[in-house]
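Let me begin by presenting the structure, written as structure tokens, before commenting on it.
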Amino acid sequence: MANNILIYTQPMCRYCEKAKELLKTKKQNFQEIDVTASPELRQEMVAKANGRNTTPQIFINGQHVGGCDDLYDLEQAQQLDKLLATA
């Protein structure tokens with residue numbers, strides 16, 4: 001079963017690009033939501049991310065992973081593959 005990965009982003013965000021690059025190296029498809037022009041989508045992101053308002057905010061199979069640094073921390077701790085495998 002494919003993972004359900006959702007990533008809230010905005011243009012010109014280097015952390016968004018880094019996070020997407022890591023997911024691509026893992027051969028993961030993801031749904032990207034640009035929050036730039038939509039206050040409603042940004043509010044949705046903040047609500048789902050427990051008040052965090054920076055981009056990216058990443059969700060894997062409904063679980064809030066956090067931002068780019070959090071995603072790379074999971075990779076460094078060898079936990080990202082495990083999370084991706086729990087679809």
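Since every read-out is calculated from the coordinates, none of them should be taken as a lab result. For clarity, every value in this text was computed on a predicted model and none was experimentally measured. Here the Cβ positions follow ideal geometry from the backbone for every residue, glycine too, while neighbour counts run over all protein chains shown.
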key: Cβ-Cβ under 9 Å pairs, at least 6 apart or on other chains, the range 64-87 side surrounded by 11 or more Cβ atoms within 10 Å (Cβ to Cβ), far side of a type in the set (F, W, Y) and not in a helix (DSSP H, G or I)   = V65/F59
task = Could you look through the range 15-37, keep only residues that are over 24 Å from D81 (Cβ atoms) and touching a helix residue (DSSP H, G or I) at 6+ places or on another chain (Cβ under 9 Å), and pick out the one that is surrounded by the most Cβ atoms within 10 Å (Cβ to Cβ)?
result = V35
key: Count of the range 38-63 residues which are exposed (fewer than 15 other Cβ atoms within 10 Å of the Cβ) and among the hydrophobic types (A, V, I, L, M, F, W, C)   = 2
note = Inside the range 1-14, the number of residues satisfying the requirement of being surrounded by fewer than 15 Cβ atoms within 10 Å (Cβ to Cβ), of a type in the set (A, V, I, L, M, F, W, C) and under 14 Å from the mean Cα position of the chain (by Cα) is 0
